[in-house]
Amino acid sequence: MQVKSFEEYQQVYRKSVEQPEQFWEDIANNFLWRKKWDKVLDWNFKEPKIEWFKGAKLNITENCLDRHLEKNGDTPAIIWEPNNPSENHRVLTYRQLHSKVCQFANVLKNNGAKKGDRICIYMPMVPELAIAVLACARIGAIHSVVFGGFSAQSIADRIKDAECNIVITADGSFRGTKEVPLKSIIDDALVQCPSIKRVIVLTRSRTPVSMIKGRDVWWEDEVQKVETQGNIECPAEEMDAEDMLFILYTSGSTGKPKGVVHTCGGYMVYTGYTFSNAFQYQPGEVYFCTADIGWITGHSYIAYGPLSQGATTVLFEGIPTWPNAGRLWDIVEKFKVNILYTAPTAIRSLMSFGDDVVKGKDFSSLTKLGSVGEPLNEEAWHWFDEKIGKGNCPIVDTWWQTETGGFMISPIANITPLKPGYATLPLPGVQPVLIDDTGKEVEGNGVNGNLCIKFPWPGMLRTTYGDHERCRQTYFATYPNLYFTGDGCLRDEDGYYRITGRVDDVLNVSGHRIGTAEVENAINMHSSVVESAVVGYPHDIKGQGVYAFVVCPNLHDDPELTKKDIMMTVSRIIGAIARPDKVQFVSGLPKTRSGKIMRRILRKIAEGDTSNLGDTSTLLDPAIVDEIKEGAL
Ligand code: 6R9
């Protein structure tokens, strides 16, 4: 599946556009199917309806586990590094992982789980998280992983939306010096969730937790039962290529997060292919992705993609800055990591500690580097290249989204000529187009536009859970017959793509997607708040920070305290990742006569660029702009 030269890339790319079905059929033949497809592709972007490999039967875990057993059963599948470096690391070979997945799949069955059930997973970054995910897939249950940083309210919203019947969690998780009481957060969430019949609790931090009879069971006890029953094997459930594999919630420009749906066949082919090709993965290489399995990057490129390719994938429980800012480099050294895939925000944060933390570390195992989540600015690109890659490692800057399932625009390691700040060129099978604000395609090079994709690829989302119309509205209605990404993009003179950031009301804070409307809803829940507007502003480390303009007319105590209350309210409602960095009290918001908030003006003020605010004459009360400018933080 790997191209071996730039000329070959160009040839393969051409074929993938001229004969996409033939191209993807050849790729799909590299995977294990119980039955092959009747038809490679059936699609329209109107409804939308996207069906890949229709009629084919498979189970993704047979590709990720069983098919490696004979030749590579003893190859490490997962290397786990705990939060605390003095705790022992763990290695699970493919054979061990296979047996643990089968075992836990039987636990799920014993607890009433069936094909098609939705199961919520809220866990620390431990091997059991990957085991839980794969065990769901093994029995055909649909997992909905919720990132460990989300609040009880966010979990409840997600459980209710997907009508989950089981939760898998742990007593608590370790993140640097912090301990997060996961089970207790789940207990708060479940007050609102009568659909949950069972909670399976892994022991990790052994913090005291409440265990409710008839509902809550310990992971270890349940595994013990399965062992006593001698219930070791678990044949994989046969799935249709278009059966749902998982739901993953993500933020958009409207209030409520959407449950992005991925299906078994196309997602397997797409993540396996892109992982293998873009990173040019070679057997035996140790691959380390620093993301959390709670995000799409972890789903596709810690779990499914690498495992379907028989790779060794490192799972890290902690954070890059604890016990000190050299932690990632210690892990690279400890496991002789060859491929390191991380995020711009992590790179910028580690850069800020100065060169001391990279001095004396052994980076000699590294051959390839990768980046994801937000634009990799040139300064960070060069630091990554020089200080970590020693000028010898290609930087694979992968542009993609929760909705795309896998890499879309990305260099192929050691094959695509690089340009700092550029995601470079589309991978085979990906057909990007740039569209101007009137909906016309912008052709040629040296142009800017809204990034759209004009032909389906196997890893794309199929729907948003429980609300297909919302999927159509969000992604397929802005420009007819195109998938709209929400990103702005430059195509330079050489045809290279540079992502310029979101063009909708979505912020990217430390690589996490946060909808401004979602944060506003949370702020407005504070009892003194009348209304609010949230925008992003440039932040040295996070990429973007959250700036909230808040109308709060009856401040009866210390305004600084009220700001903190507002921040706490957002942490409670969404999670600490969405907490505003800055809160400015204002007496009103700049609105047009029709009542629309002029975000463009607020964005400029938040950026500290008030020299030219553009036309403010259409505002209901232009004087408000001066007041806001004056009080800017
Ligand atoms: C995989 C992931 C998607 C949004 C996307 C874009 C931004 C991701 C990027 C990038 C520039 C890159 N983004 N990768 N921007 N260069 N290499 O991050 O998914 O959490 O859904 O975010 O992130 O704005 O639209 P997700």
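The values are calculated or read from the model by the stated rules, or taken from the named source; none is laboratory data. Computed from a predicted structure; not experimentally measured. Neighbour counts run over all protein chains shown; Cβ positions are idealised from the backbone, glycine included. Areas reflect the complete protein model, heavy atoms only, side chains present, ligands, DNA and RNA absent. Shrake-Rupley method; radii C 1.70, N 1.55, O 1.52, S 1.80 Å.
Some notes on this structure:
- Taking label points 7 Å from Cα along the Cα-to-Cβ direction, residue 256 and residue 500 give a separation of 3.4 nm.
- DSSP beta bridges confined to segment 89-236 are antiparallel in about 15 percent of cases.
- Residues whose placed amide H lies under 5 Å from that of residue 121, excluding near-sequence neighbours: 144, 145, 146, 168
- For residue 88 and residue 612, the FRET efficiency from 1/(1 + (r/R0)^6), where r spans their Cβ atoms and R0 equals 51 Å, is about 0.30.
- Working note: Karplus 6.51/-1.76/1.60 with θ = phi - 60° gives segment 408-421 the couplings 10, 10, 6, x, 9, 3, 6, 10, 7, x, 8, 9, x, x Hz, where Gly and Pro are set to x.
- Net charge, residue 202 excluded, C-beta distance under 9 Å - Lys, Arg +1, Asp, Glu -1: -2
- A cut-off of 5 Å between modelled amide H atoms, ignoring neighbours fewer than 5 places along the same chain, links residue 239 with 58, 59.
- Pairs of Lys residues in segment 286-442, spaced 8 or more positions apart or belonging to different chains, with C-alpha separations under 15 angstrom: 9 in total.
- Cα gyration tensor shape of segment 121-213, rounded if a/c is under 1.5, else prolate or oblate by comparing a/b with b/c: oblate
- Placing dummy labels 7 Å off each Cα toward the beta-carbon, the span from residue 42 to residue 438 is 3.9 nm.
- Per residue, in Å², the accessible surface of the chain once ligands and nucleic acids are set aside, probe 1.4 Å: 38
- Placing a label point 7 Å from the Cα of residue 110 along the Cα-to-Cβ direction, the residues of segment 167-183 whose backbone N falls under 18 Å of that point are 167-170.
- Local charge for residue 286 was computed over the other residues whose Cβ lies under 12 Å away, with Lys and Arg +1 and Asp and Glu -1, and equals 0.
- Highest mean packing first, where packing is the average number of other Cβ atoms within 10 Å per residue, the peptides 227-238, 558-569 line up as 558-569, 227-238.
- Spin-label proximity, residue 352 to segment 153-183 - amide N less than 13 Å from point 7 Å beyond Cα toward beta carbon: none
- Distance between segment 11-84 and segment 85-151 - C-alpha centres, whole angstrom: 21
- Taking one quarter of the surface of the C-alpha convex hull of segment 235-277 gives a mean projected area of 4.4 nm².
- Ordering of 490-499, 411-420 by packing [mean C-beta count within 10 Å, highest first]: 411-420, 490-499
- Cysteines in the chain that lack a partner Cβ within the 4.7 Å cut-off: 64, 136, 193, 264, 289, 393, 452, 471, 489, 552.
- Gyration tensor (alpha-carbon) shape descriptor, segment 369-507, a/c threshold 1.5: prolate
- Stokes-Einstein diffusion for the chain, with the hydrodynamic radius set to the Kirkwood value over Cα pairs and evaluated at 4 °C in a medium of 1.567 mPa s, equals 51 µm²/s.
- Alpha carbon centroid spacing (whole Å) that separates segment 410-427 from segment 288-366: 21
- Along each principal axis, Cα extent of segment 156-210, largest first, Å: 34, 17, 15
- Descending by average beta-carbon neighbour count within 10 Å, the peptides 395-405, 129-139 line up as 129-139, 395-405, the highest first.
- Equivalent ellipsoid semi-axes - Cα gyration tensor, segment 483-590, angstrom: 31, 13, 12
- Segment 166-274 shape via C-alpha gyration tensor axes, a/c threshold 1.5: oblate
- Cβ-derived FRET efficiency at R0 25 Å, residue 468 paired with residue 531, nearest 0.05: 0.20
- Net charge of Cβ neighbours under 9 Å - reference residue 85; Lys, Arg +1; Asp, Glu -1: -1
- Residues in segment 257-266 carry Karplus couplings, in order, of x, 9, x, 6, 9, 10, 10, 5, x, x Hz; the curve used is 6.51 cos²θ - 1.76 cosθ + 1.60 with θ = phi - 60°, and Gly or Pro positions show x.
- For segment 493-500, 3J(HN,Hα) computed residue by residue from phi via the Karplus equation (6.51, -1.76, 1.60; θ = phi - 60°) reads 4, 8, x, 7, 9, 10, 7, 9 Hz, glycine and proline entered as x.
- Computing Rg and the Kirkwood Rh from the Cα coordinates of segment 221-313 gives a ratio, Rg/Rh, of 1.06.
- Fraction of accessible area attributable to carbon and sulfur, the chain (%, probe 1.4 Å): 48
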